[in-house]
Amino acid sequence: MTGHIAVTDDGGVRTIRMNRPEKKNALTLAMYLAMTNALREADQTGAVRCVLFAGGPDVFTAGNDLADFMKAADGGLDPRAHEFITSLARAQKPMVAAVNGVAVGLGTTMLLHCDYVVAGTGAKLMTPFLKLGLIPEAASTMLAPMRMGHARAFALLAMGRPLSAEEAKEAGLVNTVVSPAEVDGIALKAAQEIAALPSRALTLARSLMRLPLETILQRMETESGHYKDLLQSDEARAAFQAFFSRNQ
């Protein structure tokens, strides 16, 4: 356990669990840093063959912590959040996600970097970036249209319309939908199945199936530059203040 991130290794699978239920697993900068370190260590640990991201039984993550979000509006984008985003693209081990409840903001865009996603029937994917005067991140402006098609990606990323678990499966963001009680177990089983595959062939096949790393990182840098500028805009400041007032 590192703060609100629990990291466990078992049978070739490293589980990175967001564990801040009192705040709906809202991501603090410390949590971003802990997850980045856990991912990087997984790449350097031969016994780890697959990484599993998980949240709680009722929520995957509500996205950025509100307090940190407000600080970002004053001081610019914090590098710890950006480093986690780039660590998703750089991750050499396959990644699985177990999603129950809401997955807001990065909780949704990080799924575009996962190789296998299990969602509970009550899961809901949401990306309210534009409603806060911002743009999506994690190379989602490139990866989502490729995965879902422009129409679905625009509705999700630009209009902020949520996706149910079944809609996300139909759109190609989720592999399988199961009852909430089964999510962790089914996701772990998938991660164990992946971990049991021949490692050299798996690494090669996965790298060939993904976009070139530099292409993804370049889009992340472009998004990050615009994101940082927008954080300073009057539109974003007004949206943040309204959001903060509603959620006190």
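One table, with the values for the structure above:
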{"item": "Inter-probe distance in nm under a simple model that places probes 7 Å from Cα toward Cβ, at residue 226 and residue 201", "result": "4.1 nm"}
{"item": "Nearest-ten-degree value, helix 213-231 long axis tilted from longest Cα axis of the chain", "result": "20 degrees"}
{"item": "Computed FRET value (nearest 0.05) for residue 19 with residue 92, which takes r as the C-beta separation and R₀ as 35 Å", "result": "0.90"}
{"item": "Length-normalised contact order for segment 126-248 - Cα pairs under 8 Å, 6+ apart - percent", "result": "38 percent"}
{"item": "Inter-probe distance in nm under a simple model that places probes 7 Å from Cα toward Cβ, at residue 9 and residue 217", "result": "2.5 nm"}
{"item": "Mean Cα-pair separation over length for segment 5-178, i.e. relative contact order, pairs under 8 Å, 6 or more apart, %", "result": "19 percent"}
{"item": "Where labels lie 7 Å past Cα in the beta-carbon direction, separation of residue 170 and residue 193 in nm", "result": "2.4 nm"}
{"item": "Aspartates and glutamates whose Cα lies under 18 Å from that of residue 169, excluding same-chain neighbours fewer than 8 positions away", "result": "115, 182, 184"}
{"item": "Protection proxy ranking, peptides 203-210, 159-166, average beta carbon neighbours within 10 Å, highest first", "result": "159-166, 203-210"}
{"item": "Range of Cα positions in the chain per principal axis (Å), largest first", "result": "52, 37, 37"}
{"item": "Simple Cβ-charge dipole of the chain, Lys/Arg +1 and Asp/Glu -1, about Cα centre, in debye nearest 20", "result": "240 debye"}
{"item": "With Cα atoms, 0 to 90° folded angle of helix 79-90 axis to the chain main axis", "result": "40 degrees"}
{"item": "Principal-axis tilt of helix 183-195 within the chain, Cα atoms, nearest 10 degrees", "result": "60 degrees"}
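Values quoted throughout were computed directly from the atomic coordinates according to the rules given, and no laboratory measurement underlies them. Computed from a predicted structure; not experimentally measured. Glycine gets a Cβ as well: all are built from the backbone with ideal geometry, and neighbour counts include every protein chain shown.
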